[in-house]
Amino acid sequence: MPNLASSSSTHFDRARLLAVLEPIVHAHGAEMVDFEWKSEPGGWVLRIFVEKKGSAASNLSTEEASVGLELCAAVARDLSPALDVANLVDHRYHLEVSTPGVERTLRGPHDYARFEGKKARLKLKVGIAGQKVVTGILGPLAESSVRMNIGSKSHDIRLDDILFGQLVFEFGPAPKPGKKR
């Protein structure tokens, strides 16, 4: 799980935050995928991303792993007072609980293995044929790299060379030429 963003005016103990978050999320039949702590135009936001419990271990698709609005609201309702009691943040912030979505961020080797065969966009440190942002189909994960099929070519990309990875959602087949939608 990535480190929380910190600033000189706002920093808190990540381990204490996880100790508050995880039991509440699990009590609702979900698991935490990730969280963000960042300053946005409306103020500071603590954003928690959840999916069905066991989704990562079972390699469920984004559709199979998704949770509903009711679960997100219930988690937020229970999490808010628990965070207030833990007193991890000494100023106002907004709490948001949501799913990671169909265009979820890929976090670490397990996600690259879990979503093999899915379309993804990667931002790279070192470009492929001059491109630092590539889109293709994720292939198998090796020890320190992932294969990506871009067009008719396959490329082995070192995980250390990936700055950012994200699934790409496709809305379905394009209509045939000359056919009205």
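The values are calculated or read from the model by the stated rules, or taken from the named source; none is laboratory data. Predicted model only: the values in this text are computed from it and were never measured. Areas reflect the complete protein model, heavy atoms only, side chains present, ligands, DNA and RNA absent. Shrake-Rupley method; radii C 1.70, N 1.55, O 1.52, S 1.80 Å.
Principal-axis analysis of the Cα atoms of the chain puts helix 14-27 at an angle of about 80° to the longest axis. Taking amide H positions as modeled 1.01 Å from N, with prolines and chain starts lacking one, the residues under 5 Å from residue 30 and 5 or more places away or on another chain are 53.
Please work out whether region 15-119 counts as rounded, prolate or oblate from its C-alpha gyration tensor, where a ≥ b ≥ c are the square roots of the eigenvalues and a/c under 1.5 means rounded, while otherwise a/b larger than b/c means prolate and anything else oblate? It is prolate, given that a/c is not under 1.5 and a/b is the larger ratio. The lysine pair tally for the chain, using Cα distances under 20 Å and a gap of 8 or more places or different chains, is 9. Once backbone amide H atoms are built at 1.01 Å from N, residue 44 has 94 as its partners under 5 Å, excluding neighbours fewer than 5 places away on the same chain. Stokes-Einstein D for region 115-173 at 20 °C, 1.002 mPa s, Kirkwood Rh over Cα pairs, in µm²/s? Here the translational diffusion coefficient equals 186 µm²/s. Probe radius 1.4 Å, ligands and nucleic acids ignored: give me the carbon and sulfur share of the accessible area of the chain as a rounded percent. Looking at the chain in its full context, I get 51 percent from C and S.
Using alpha carbons only, the radius of gyration of the chain set against its Kirkwood radius gives Rg/Rh = 1.03.
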